[in-house]
Amino acid sequence: MIAWGIFNLFQVPERTVQTTTVNDISQPFSISFFSPDSHESISNLELKLQSNINGRASLTLSNPDSSFSEHYVLNSGSSTVKFSGDWYSNFFKLKYIPQDSTTGTLSVTYSF
């Protein structure tokens, strides 16, 4: 009985993985992702962005509660961007700006 209690005490909570796909990447857009509990900060953000585009685009990952932002350039063809780290906010934002991309998809897989 004590061993079961100790096991459950140190068990890591299960993370939910979600995916969002954007099929029209010809126009700029922003997407905000929120913690399921609006009062609880995201403690560890795992983010994977997969694109398959014609042309180039810029992508910004930002924490609107702080000055943190990461900028990425997506080149023509398939690209994968990964981010992992502490976040200290209850949401994050992605901003996409096409430079000369007209077709393709962007898939966002995240967990926290």
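The values are calculated or read from the model by the stated rules, or taken from the named source; none is laboratory data. The structure presented is a predicted model; accordingly, all values stated were derived computationally and were not measured. With ideal geometry, Cβ positions are generated from the backbone for all residues, glycine too; neighbour counts draw on all protein chains shown.
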>> Checking the conditions here, which among S76, S111, S101 is within 17 Å of T21 (Cα to Cα) and more than 12 Å from the chain's Cα centre (by Cα)?
In response: S101
>> Take the residues in the stretch 58-76 that are in contact with a strand residue (DSSP E or B) (Cβ under 9 Å, 6 or more places away or on another chain) and surrounded by fewer than 11 Cβ atoms within 10 Å (Cβ to Cβ); name whichever of them is modelled with the lowest pLDDT.
In response: S66
>> With the condition being among the aliphatic types (A, V, I, L, M) and in contact (Cβ under 8 Å) with a residue 24 or more places away in the chain, I'd like the strands (runs of 3 or more DSSP E) fully within the stretch 13-112 carrying at least 3 qualifying residues.
In response: 45-53, 57-62
> Are any residues in the stretch 31-45 modelled with pLDDT of 85 or more, surrounded by 15 or more Cβ atoms within 10 Å (Cβ to Cβ) and not aromatic (F, W, Y), and if so, which ones?
Replying inline: L45
> Among the candidates L47, L106, which residue alone is within 11 Å of the chain's Cα centre (by Cα) and either of a type outside the set (D, E) or on the phi < 0 side of the Ramachandran plot (or both)?
Replying inline: L47
>> Quick check on P28: is it over 15 Å from the mean Cα position of the chain (by Cα), surrounded by 15 or more Cβ atoms within 10 Å (Cβ to Cβ) and at pLDDT 90 or above?
In response: no
> Does the stretch 54-79 hold any residues that are in contact with a Leu (Cβ under 7 Å, 6 or more places away or on another chain) and either more than 17 Å from F34 (Cα to Cα) or hydrophobic (A, V, I, L, M, F, W, C) (or both), and which are they?
Replying inline: R56, A57, L59, L61, E70, Y72, L74
